[in-house]
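Take a look at the structure below.
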Amino acid sequence: MRQVQARVLEVPWVMTRRGGRTELRLNGAPVRTHVQPHAGFVAAVGRVLQWKDELLAGKVSTVQALAQREGLTRRYVMRVLRLSFLAPDLIDAILMGQQPPAFTLEPFRRPIPLEWAAQRKFFGFIPSSRL
């Protein structure tokens with residue numbers, strides 16, 4: 001009978017809370033569990049980019065007018081419009097379902113960093129080379 005030698009694998013990890021969820025982080029990076037795009041995020045990104053285009057083109061004069069047309073509150077429209085200022089690679093990651101597991105719309109209640117590198121850090125996105 002062959003004996004199996006036990007081996008120990010040590011991996012630095014930490015549990016954190018973000019957006020009301022518990023998240024496992026390995027080497028400081030969140031463990032990715034999303035493999036398909038989140039339909040809600042994809043719809044929100046598409047809607048927001050359309051709204052931004054309409055506002056910039058003058059098709060809608062104000063955020064208030066946009067909110068009334070959509071049957072939404074001005075506050076909600078302002079919050080989700082912040083998605084339109086995300087770095088292009090972050091938008092691509094959302095559309096491909098590669099957002100961090102704890103990514104929610106909750107942080108958009110407050111102003112988000114405008115600098116793209118700061119956004120990556122703020123939302124917990126990591127470069128694909130580290131996956």
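The values are calculated or read from the model by the stated rules, or taken from the named source; none is laboratory data. A quick note: this is a predicted structure, and the numbers were derived from the prediction, not measured. Every residue, glycine as well, gets a Cβ built from its backbone with ideal geometry; the counts of neighbours run over all protein chains shown.
Run Ala117 past the list (1) part of a helix (DSSP H, G or I); (2) closer than 15 Å to Arg47 by Cα and report the number of the one that doesn't hold.
Of everything listed in (1) part of a helix (DSSP H, G or I); (2) closer than 15 Å to Arg47 by Cα, Ala117 misses just condition (2).
Being at pLDDT 75 or above and touching a helix residue (DSSP H, G or I) at 6+ places or on another chain (Cβ under 7 Å), is that true of even one residue in the stretch 15-38?
Yes; the residues of the stretch 15-38 include at least one that is at pLDDT 75 or above and touching a helix residue (DSSP H, G or I) at 6+ places or on another chain (Cβ under 7 Å).
What's the number of the condition Met78 fails, among (1) exposed (fewer than 15 other Cβ atoms within 10 Å of the Cβ); (2) over 20 Å from Ile126 (Cβ atoms)?
(1)
Within the set of pairs 6 or more residues apart or between chains, which connect a residue that is among the charged types (D, E, K, R) inside the stretch 90-108 to a residue that is outside any helix (DSSP H, G or I) with Cβ atoms less than 7 Å apart?
Glu106/Gly19
Identify all residues within the stretch 73-110 that are assigned to a loop (DSSP other than H, G, I, E, B) and either closer than 26 Å to Met15 by Cα or in contact with an Asp or Glu (Cβ under 8 Å, 6 or more places away or on another chain) (or both); write none if there are none.
Within the stretch 73-110, Met96, Gly97, Gln98, Gln99, Pro100, Pro101, Ala102, Phe103, Thr104, Leu105, Arg110 meet the criteria.
With the structure loaded, tell me whether Phe122 is surrounded by 17 or more Cβ atoms within 10 Å (Cβ to Cβ) and within 28 Å of Met15 (Cβ to Cβ) or whether it fails that test. Steps first, answer last, please.
Details: surrounded by 17 or more Cβ atoms within 10 Å (Cβ to Cβ): no; within 28 Å of Met15 (Cβ to Cβ): yes.
When the stated conditions are applied, Phe122 does not pass them.
For the stretch 51-70, indicate whether the set of residues that are within 25 Å of Phe123 (Cα to Cα), among the polar types (S, T, N, Q) and exposed (fewer than 15 other Cβ atoms within 10 Å of the Cβ) is non-empty.
The answer is no, given that none of the residues of the stretch 51-70 is within 25 Å of Phe123 (Cα to Cα), among the polar types (S, T, N, Q) and exposed (fewer than 15 other Cβ atoms within 10 Å of the Cβ).
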